[in-house]
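For reference, the structure discussed in these notes is given below.
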Amino acid sequence: MVKPGGRTTTEAKQPRRVPLRTCVACRSTSGKRALVRVIRLPDGAGVALDPSGKRAGRGAYVCPTDACVALALKQKKLERSLKTPIPDTVADALRALASAGAAATETEPVKSD
Ligand SMILES: [Zn+2]
């Protein structure tokens, strides 16, 4: 029961079993490349980074790159997505994470005494 041709243009709702992460800046979805999750905290407590991706709350994603972070902040894409202002502390953390992520590859700094 496999249709040849593959792509159909139906507007049927697709089952969303896998939550797709979409960068708010470049709008690209990424499964392999980890996007940074930013969540809105409850009770107007602002926003926070959620590296683990496990915290509850409305989240937005951005690529851990200088370009996407800069764009997301500059054009207030994160703010619009989360419907709340992004504090400077979070913006700075994002920038730091982006520059760190650009440098880091597979090697994590291992701290040992
Ligand atoms: Zn991006």
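Residue count for segment 22-39, restricted to those that are under 19 Å from R95 (Cβ atoms) and either acidic (D, E) or at pLDDT 85 or above (or both): 9.
If you go through segment 58-84 and keep only what is surrounded by fewer than 18 Cβ atoms within 10 Å (Cβ to Cβ) and outside any helix (DSSP H, G or I), you end up with R58, Q75, K76, K83, T84.
The values are calculated or read from the model by the stated rules, or taken from the named source; none is laboratory data. These figures come from a predicted structure and were not determined experimentally. Here the Cβ is made from the backbone with ideal geometry for all residues, glycine too, and neighbour counts use every protein chain on show.
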